[in-house]
1. What does the accessible area of His134 come to, in Å² to the nearest 10, when a probe of 1.4 Å is used?
2. Past the 23 angstrom mark, what percentage of all C-alpha to C-alpha distances in the range 1-128 do you count?
3. Please label the shape of the range 71-131 as rounded, prolate or oblate, based on the square roots a ≥ b ≥ c of the eigenvalues of the alpha-carbon gyration tensor (a/c under 1.5 means rounded; beyond that, a/b larger than b/c means prolate, else oblate).
4. Can you send over the carbon and sulfur percentage of the accessible area for the range 86-164, probe radius 1.4 Å, protein chains only?
5. If you add up the charges near Glu38, with Lys and Arg at +1 and Asp and Glu at -1, over every other residue whose beta carbon is less than 15 angstrom from its beta carbon, what do you get?
6. Loop only by DSSP, 16 or fewer other Cβ within 10 Å of the Cβ. Give me the GluC sites (Glu not before Pro) in the range 87-173 that pass, ordered by residue number.
7. Any of Lys144/Lys184; Lys56/Lys144; Lys31/Lys144; Lys144/Lys180 with alpha carbons more than 20 Å apart? Name them for me.
8. With every protein chain kept in place and ligands, DNA and RNA left out, what is the accessible area per residue of the range 90-132? Probe 1.4 Å, answer in Å².
Amino acid sequence: MSHLVKMENGQSQTIQEMLGCIERYNPDHLKTLEAYVEDQAKNNTYDLEANLAVLKLYQFNPHILNFDITYTILLKCLTNLPHTDFVMAKCLLLPQQMKDETVQTIIDLADILERTDFTLFWQRVDVNRNMFRHIAGFHDSIRKFVCHVVGITFQTIKRDLLKELLGGIEDSTLEQWMKKYGWKTNGSLVFISSQDERIKTKNITEKIEFDTVGGLMAQCL
């Protein structure tokens, strides 16, 4: 869905055009930006710059702070791990946002993901399942991050452990993720990749011209 922002001169701009000028700090555009955040959650799209602009407007205008939009922005940031979007968003939070119980719950989830304690993460998600229902694709976005971590960490992993790390998924769902990343089953194990193949030895040859060291050699004589 295309969101247009109405300017004072009566003309309209797209959100992307508005974010590129001083108008990004105009609180009159906040409702449009908040609706854009909600659309991202509904349609599984993502626009970090627009979301950070919303948090910045809350900084300038704390009297119009919307906690529900804050939650949605933070959760959307989690879906873009391993990028540092969540850190940037967290830095823009006001003290009253930081004191909010739901915000603290989301921050705790981010910390758990940073520690890659995926089993604990899915347990917390199950306890707070209502928090994520409006974020389309949230669980699969986190599973994508889990697969990223598994891919750079393991050569082989037990099939049951992999299912647990991905949120206790069914065998059929596991097969889909394995196919996506080209992983193969070997009995009770899943072959991820040979980490040795990822690290290729490079022969480094340094070419030094005589003119470069000629003067230095003359001084040593």
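The values are calculated or read from the model by the stated rules, or taken from the named source; none is laboratory data. No experiment lies behind these values; they were computed from the predicted model shown. Reconstructed Cβ throughout: ideal geometry from the backbone, glycine too, with neighbour counts over all protein chains shown. What goes into the accessible areas is simple: the full protein's heavy atoms, side chains included, and nothing from ligands, DNA or RNA. Shrake-Rupley method; radii C 1.70, N 1.55, O 1.52, S 1.80 Å.
1. Per-residue accessible area (His134): approximately 90 Å².
2. Working: 2723 of 8128 pairs.
Tail of the P(r) past 23 Å holds 34 percent of the pairs.
3. Details: a/c = 1.86, a/b = 1.25, b/c = 1.49.
Because a/c hits 1.5 or more and a/b fails to exceed b/c, the range 71-131 counts as oblate.
4. Working: 2120 of 4230 Å².
The value for the range 86-164 is 50 percent carbon and sulfur by accessible area.
5. Details: positive: Lys31, Lys42, Lys76, Arg133; negative: Glu34, Asp39, Asp47, Asp68.
Counting the neighbours of Glu38, the net charge comes to 0.
6. Values: sites: Glu101, Glu114, Glu164, Glu170; in loops: Glu170.
In loop regions of the range 87-173 (DSSP not H, G, I, E or B), the sparsely surrounded GluC sites (Glu not before Pro) are Glu170.
7. Working: Lys144/Lys184 17 Å; Lys56/Lys144 29 Å; Lys31/Lys144 31 Å; Lys144/Lys180 10 Å.
Checking Cα-Cα distances, Lys56/Lys144; Lys31/Lys144 exceed 20 Å.
8. Details: 2360 Å² over 43 residues.
Result: 55 Å² per residue.
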